[in-house]
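**Q** The structure is given below, and queries will be raised subsequently.
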């Protein structure tokens with residue numbers, strides 16, 4: 001529909017819809033996550049209280065963002081964590097490469113980090129002769145197939161057990177074929193254990209960075225986060241600049257709502273609070289800890305009072321789990337690092353609303369995402385805002401690509417639409433024609449042909465409500 | 001005698017006039033005088049949702065002007081009511097007529113909301129036993145904020161058995177222009193909704209919203225299903241008025 005659109009969510013989604021295995025995998029997995037989350041929030045009032053508190057904490061963090069980031073840098077420095085700032089992904093990649101090269105590191109073992117996906121760090125390091133190995137089981141699975149995550153917290157959720165069994169038997173050395181989940185996990189564990197011990201450096205994400213104490217919080221279930229951050233001599237953490245909170249008290253409610261919203265767990269198996277490198281008398285832990293704080297368009301989002309809500313996100317993935325579109329097409333169809341509803345508002349803001357016009361219109365605005373979002377991000381409202389920015393650009397707007405999604409044909413269509421509907425006489429005449437001759441419209445007419453792909457043609461009633469009320473002769477005022 | 005305005009909405013006007021008539025009859029039977037101003041077209045939601053706010057405002061202005069008196073404005077649609085109640089203030093933010101529009105928005109109700117919360121209607125079922133299922137339209141619930149008013153009306157009908165959908169609150173895939181911009185996804189959602197409805201064993205699927213009904217109906221017809229759809233207003237009126 002738009003010439004500027006380089007990627008097409010519609011095409012990719014249409015392809016995904018034809019894959020019954022994929023659809024079944026997602027539906028089953030998402031149904032499981034939905035019911036587990038539900039079980040964690042038995043009392044709607046309690047849930048609403050926790051959401052309101054979490055929203056307030058995240059909003060306040062953003063309100064004080066510049067000050068909190070400065071505080072974080074100072075607290076981290078005090079703890080011996082060296083802080084680095086990167087405006088772009090390229091800068092962040094170069095920074096990390098520099099840190100690795102300074103230590104002569106050749107292998108990097110990674111905990112899970114969506115920001116590193118955003119940076120396409122693995123590919124970058126590979127170009128520079130450094131092996132980056134994913135250690136989160138899901139990330140490990142997709143790395144074997146050279147795929148990207150299809151979900152932000154369950155990256156391999158598009159695959160089922162049988163698919164993974166086949167993959168492991170083909171890609172892991174000396175692996176036998178088994179569909180037993182425990183055996184499959186043990187196989188990956190064996191490979192990964194050795195990698196943790198051998199790796200020259202470890203990399204992780206950050207769920208919350210605490211400004212007051214300089215603490216990096218890492219939520220995980222597999223222990224790979226702890227291994228990646230504690231075993232190798234060098235630990236590099238990467239985070240988006242929005243992840244900071246004021247103090248440890250604020251972490252408790254956010255953590256409580258994160259695990260419950262994400263996987264339906266009251267607590268995660270591991271919760272790491274990283275406060276610096278190995279102390280003088282300590283026997284383990286890395287010798288150096290670095291924190292790379294990435295902007296990549298976040299400052300621009302931050303500058304807009306409405307769009308800033310995007311940055312409240314704590315990356316739980318509940319919006320995707322509950323999204324009727326995501327559930328049917330899966331994460332890869334979005335052709336973006338962050339799929340699902342949050343990706344639909346984040347990606348166009350980072351890459352441009354014109355180039356990702358496909359994403360902002362890929363929603364029925366049903367609101368299931370906003371209903372479950374633990375920090376109450378009004379995703380449908382932001383989608384509408386971005387649709388407006390794509391074609392018109394608000395005064396003073398900083399939205400990337402504003403006004404570039406506009407086409408003459410759509411402009412004309414809406415002008416015509418308004419011309420008819422703001423003139424009751426013209427509408428009545430059109431309605432008269434529609435009710436008398438609407439049935440004769442061919443099913444292949446523009447727009448209608450899309451409707452009739454899977455539906456019969458809608459046929460107007462023979463007399464409109466307006467006509468019937470007129471005929472009734474009631475008082476109309 | 002209490003007076004109210006009735007706003008038909010474009011979909012009811014063109015595709016479900018019976019539902020509009022039924023809504024008006026339900027109100028009249030409850031002792032309310034219904035005013036139906038001439039000049040009604042569309043609430044403007046399609047343009048609003050697509051980012052064409054100037055066009056949406058032009059249309060919305062003409063509609064607000066039809067309802068000058070301080071009377072409730074009743075709509076047989078949760079989606080259009082949500083637009084007029086919650087999104088008009090947003091659409092007219094900073095406009096010279098913002099105050100006037102806000103005053104209008106405050107008077108907007110969806111039909112079942114008004115029947116239950118304001119009129120407290122009591123219904124007597126005169127129909128044969130029937131099994132129905134219910135689709136709770138996304139905008140009616142999540143946008144406008146319905147809290148089970150339609151279901152509470154259905155519950156008053158002695159011979160109506162409500163068999164819930166497995167995924168009652170999941171979107172049917174209509175989404176206005178979404179249905180033609182993303183026809184494959186929209187179609188897949190509609191097919192799932194239709195299958196869910198068929199699996200309930202109900203003979204009719206009810207909803208507050210013409211958009212959802214049009215979408216599900218077209219899908220059911222395409223698969224030649226015997227299941228039909230009906231607007232709740234029409235269903236309530238059919239079952240409760242003596243012929």
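**Q** If the requirement is being surrounded by 20 or more Cβ atoms within 10 Å (Cβ to Cβ) and either assigned to a loop (DSSP other than H, G, I, E, B) or at the interface with chain B (Cβ under 8 Å from one of its Cβ atoms) (or both), which of these qualifies: A:401, A:396, A:444?
**A** Testing whether each residue is surrounded by 20 or more Cβ atoms within 10 Å (Cβ to Cβ) and either assigned to a loop (DSSP other than H, G, I, E, B) or at the interface with chain B (Cβ under 8 Å from one of its Cβ atoms) (or both) leaves just A:401.
**Q** Determine which member of the set B:71, B:75, B:111, B:91 is in contact with a strand residue (DSSP E or B) (Cβ under 9 Å, 6 or more places away or on another chain), more than 20 Å from residue B:15 (Cα to Cα) and either modelled with pLDDT of 95 or more or within 12 Å of another protein chain (Cβ to nearest Cβ) (or both). Explain how you work it out, then say what you get.
**A** Values: B:75 fails: more than 20 Å from residue B:15 (Cα to Cα); B:111 fails: more than 20 Å from residue B:15 (Cα to Cα); B:91 fails: in contact with a strand residue (DSSP E or B) (Cβ under 9 Å, 6 or more places away or on another chain).
After ruling out the rest, the residue left standing is B:71.
**Q** Could I ask something else about it? Taking residue A:79, is it modelled with pLDDT of 95 or more, under 18 Å from residue A:230 (Cα atoms) and surrounded by fewer than 20 Cβ atoms within 10 Å (Cβ to Cβ)?
**A** Working: modelled with pLDDT of 95 or more: yes; under 18 Å from residue A:230 (Cα atoms): yes; surrounded by fewer than 20 Cβ atoms within 10 Å (Cβ to Cβ): yes.
When the stated conditions are applied, residue A:79 passes them.
**Q** For the condition surrounded by fewer than 24 Cβ atoms within 10 Å (Cβ to Cβ) and within 16 Å of the chain's Cα centre (by Cα), what is the one hit in B:221, B:184, B:234?
**A** Working: B:221 fails: within 16 Å of the chain's Cα centre (by Cα); B:184 fails: within 16 Å of the chain's Cα centre (by Cα).
Sole residue among the options that is surrounded by fewer than 24 Cβ atoms within 10 Å (Cβ to Cβ) and within 16 Å of the chain's Cα centre (by Cα): B:234.
**Q** For residue B:122, only one of the following conditions fails: (1) within 30 Å of residue B:242 (Cα to Cα); (2) out of contact with any strand residue (DSSP E or B) (no Cβ under 6 Å at 6 or more places or on another chain); (3) not in a loop (DSSP other than H, G, I, E, B). What is its number?
**A** For residue B:122, the exception is condition (3).
**Q** Looking at segment B:25-43, can you tell me whether even one residue there is surrounded by fewer than 23 Cβ atoms within 10 Å (Cβ to Cβ), at the interface with chain A (Cβ under 7 Å from one of its Cβ atoms), under 19 Å from residue B:79 (Cα atoms) and modelled with pLDDT of 95 or more?
**A** No, there is no match, as no residue in segment B:25-43 is surrounded by fewer than 23 Cβ atoms within 10 Å (Cβ to Cβ), at the interface with chain A (Cβ under 7 Å from one of its Cβ atoms), under 19 Å from residue B:79 (Cα atoms) and modelled with pLDDT of 95 or more.
**Q** In segment A:256-274, which residues are in contact with a strand residue (DSSP E or B) (Cβ under 8 Å, 6 or more places away or on another chain) and surrounded by fewer than 19 Cβ atoms within 10 Å (Cβ to Cβ)? Lay out the reasoning, then the answer.
**A** So the first thing to find is which residues in segment A:256-274 are in contact with a strand residue (DSSP E or B) (Cβ under 8 Å, 6 or more places away or on another chain), and the list is A:258-259, A:268-274.
Those that are in contact with a strand residue (DSSP E or B) (Cβ under 8 Å, 6 or more places away or on another chain) and surrounded by fewer than 19 Cβ atoms within 10 Å (Cβ to Cβ): A:269, A:270, A:271, A:273.
**Q** Go through the residues of segment A:302-320 one by one and say whether even a single one is farther than 24 Å from residue A:208 by Cα, within 13 Å of chain B (Cβ to nearest Cβ) and either assigned to a helix (DSSP H, G or I) or in contact (Cβ under 8 Å) with a residue 24 or more places away in the chain (or both).
**A** Scanning segment A:302-320, I find no residue that is farther than 24 Å from residue A:208 by Cα, within 13 Å of chain B (Cβ to nearest Cβ) and either assigned to a helix (DSSP H, G or I) or in contact (Cβ under 8 Å) with a residue 24 or more places away in the chain (or both), so the answer is no.
**Q** Starting from residues that are in a loop (DSSP other than H, G, I, E, B) and more than 7 Å from chain A (Cβ to nearest Cβ), keep the ones in segment B:1-15 and report whichever is surrounded by the most Cβ atoms within 10 Å (Cβ to Cβ).
**A** Across segment B:1-15, the extreme among qualifying residues is B:9.
**Q** Among the residues of segment B:143-152 satisfying the criterion of being surrounded by fewer than 22 Cβ atoms within 10 Å (Cβ to Cβ) and within 12 Å of chain A (Cβ to nearest Cβ), which is farthest from residue B:124 (Cα to Cα)?
**A** Of everything passing the filter in segment B:143-152, B:145 is farthest from residue B:124 (Cα to Cα).
**Q** Using the structure shown, decide if residue B:228 is surrounded by fewer than 24 Cβ atoms within 10 Å (Cβ to Cβ) and modelled with pLDDT under 95.
**A** no
**Q** Another question, then. Taking the criterion of being surrounded by 14 or more Cβ atoms within 10 Å (Cβ to Cβ), out of contact with any helix residue (DSSP H, G or I) (no Cβ under 9 Å at 6 or more places or on another chain) and more than 8 Å from every other protein chain (Cβ to nearest Cβ), would at least one residue in segment A:372-389 satisfy it?
**A** Applying the first criterion (surrounded by 14 or more Cβ atoms within 10 Å (Cβ to Cβ)) to segment A:372-389 yields A:372-389.
Filter again for out of contact with any helix residue (DSSP H, G or I) (no Cβ under 9 Å at 6 or more places or on another chain), leaving none.
No, because not a single residue in segment A:372-389 is surrounded by 14 or more Cβ atoms within 10 Å (Cβ to Cβ), out of contact with any helix residue (DSSP H, G or I) (no Cβ under 9 Å at 6 or more places or on another chain) and more than 8 Å from every other protein chain (Cβ to nearest Cβ).
**Q** Something else now. Do you know which residues across segment B:158-173 are more than 7 Å from chain A (Cβ to nearest Cβ) and either within 18 Å of the chain's Cα centre (by Cα) or surrounded by 18 or more Cβ atoms within 10 Å (Cβ to Cβ) (or both)?
**A** B:160, B:165, B:168, B:169, B:172, listed by residue number.
**Q** Can you say whether residue B:18 is assigned to a strand (DSSP E or B) and over 13 Å from residue B:77 (Cα atoms), as far as the supplied structure shows?
**A** Working: assigned to a strand (DSSP E or B): no; over 13 Å from residue B:77 (Cα atoms): yes.
No.
The values are calculated or read from the model by the stated rules, or taken from the named source; none is laboratory data. Model, not experiment: these values are computed from the prediction. A quick note on method: Cβ atoms are made from the backbone with ideal geometry, for glycine too, and the neighbour counts reach across all protein chains shown.
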